Amino acid sequence: MNMSNPNEMRALATVSDSRWASVLARDPAADGRFFYSVRTTGVYCRPSCAARSARPENVEFHATAADAERAGYRPCRRCKPDQPARTEQHAAAIADLCRIIERSEQAPRLDELAERAGWSTWHLHRIFKEITGVTPKAYAAAHRASRVRQELARSDTVTDAIYDAGYNSNGRFYERSNEMLGMTPTAWRAGGANTDIRFAIGECALGAILVAQSERGVCAIALGDDPDALARDLQDQFPQARLIGGDAGFEELVAKVVGFVEAPGLGLDLPLDVRGTAFQQRVWQALREIPAGTTASYSDIAKRIGAPKSMRAVAQACGANTLAVAIPCHRVVRSDGSLSGYRWGVERKNALLQREAKRA
């Protein structure tokens, strides 16, 4: 290549820039990170613009739309880079629909939401699930479950709480009450009164470990430095429940969990009392499918559950997990492989991963 030719030098600078690959791929994920302009047309575009690819010697890159306009370029009429990105527009529209769902006494119909957004019902369903990770129906159900918990704490009767939360009949609520609350509404309202939760606290290489079990299965595995603090946290969750110290048989269950922490290759096959929204349960199931000794990114998990743009919601579901090691949220890392937050401490997350890597 004749490097004295200005066009060839500009072309080389462009193709050597990592941003050029995003332009050629019309990568929507790069939108907002930079803009590019074309000297021969005098316009600037988003990386995802569907216009015909420009010759690299005619391309310039800009950090912002304002920078491109200061350089004398005008916005492309096709991709409209001076307006909010389509993903931002979608996110704003879905946020508006979520607020509508939350304010409604009855869950709005899909066609009502679609009319509000100006989309078809098919398009709305796809975009809503893409951004939130769940369908509008599932979002409404999860919100009502949250409302019913709040209403149970302040309403005069369980029936009042059910209707105030948006259920139009007791029967429809009771069909799913055990799945949502893990116990009867009356027991939940009473802070777990008349509910037995057996628990024990042991020691493992990561410090103190608490294991608790309801009638449905193991409902909590927590790690910490202070055994008393772990017990108080469990009691705060169900202040009126009967917390029963583990007998010899239950101590064997704790030993099994401790053994798994020490030697992940043993596996941990326990009946679990898993309580969460439909989306959270999908995430937690995906976490349980990550083999010991390997990791996955939040993006990987989002793709596995069919919601590729819901990385933030996946991270929130990981943070809501109350079953350390049994639901291995410690195996989820950032896209670059670095460690992110962990409910029981990043140091413990790192220790768990190192322990599993050695025994893989």
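Could you tell me whether the stretch 255-312 comes out rounded, prolate or oblate from its Cα gyration tensor? Rule is a ≥ b ≥ c as square roots of the eigenvalues, rounded for a/c under 1.5, then prolate if a/b exceeds b/c, otherwise oblate. Can you show the working numbers first?
Details: a/c = 3.34, a/b = 1.64, b/c = 2.04.
Since a/c reaches 1.5 but b/c is at least a/b, the shape of the stretch 255-312 is classed as oblate.
Based on other C-beta atoms within 10 Å, arrange H90, H123 from fewest to most.
H123, H90
By how many nm would the segment from E88 to L110 lengthen if fully extended, with 0.36 nm per residue of separation less the alpha-carbon distance?
Result: 5.8 nm gained on full extension.
Please give me, ordered by residue number, the trypsin sites (Lys or Arg not before Pro) of the stretch 1-91 that lie in loop per DSSP and have at most 10 other Cβ atoms within 10 Å.
Those that pass, being in a loop and sparsely packed, are R52, R77.
With a cut-off of 8 Å between alpha carbons and a minimum separation of six or more residues, what is the relative contact order of the stretch 1-155 in percent?
16 percent
Pairs K129/K358; K137/K349; K80/K309: which exceed 28 Å Cα-Cα? Provide the component values of the computation, followed by the final result.
Working: K129/K358 38 Å; K137/K349 35 Å; K80/K309 22 Å.
Long pairs (Cα-Cα over 28 Å): K129/K358; K137/K349.
Can you sort L270, L113, L353 from fewest to most other Cβ atoms within 10 Å of each residue's own Cβ?
Least crowded to most crowded, the residues run L270, L353, L113.
What is the local net charge at L234, summed over the other residues whose Cβ is closer than 15 Å to its Cβ (Lys, Arg +1; Asp, Glu -1)?
Neighbour charge sum, excluding L234 itself: -1.
Lys and Arg at +1, Asp and Glu at -1: add these up for the other residues within a Cβ distance under 14 Å of G337 and post the number.
Result for the neighbourhood of G337: +1.
By the scheme Lys and Arg +1, Asp and Glu -1, what is the net charge of all other residues having a beta-carbon under 12 Å from that of A296?
+3
Would you list S104, S338, S120, S22 from fewest to most Cβ contacts within 10 Å?
Placing the least packed residue first, the sequence is S338, S120, S104, S22.
Percent relative contact order of the stretch 65-134, based on C-alpha pairs within less than 8 angstrom and at least six residues apart?
With pairs under 8 Å counted, the relative contact order is 22 percent.
Read-outs: derived from the displayed coordinates by stated rules, not from any lab. Every value quoted in this text rests on a predicted model; they were computed, and no experiment measured them. For neighbour counting, all protein chains shown are included, and Cβ atoms are generated from backbone atoms with ideal geometry for every residue, glycine included.
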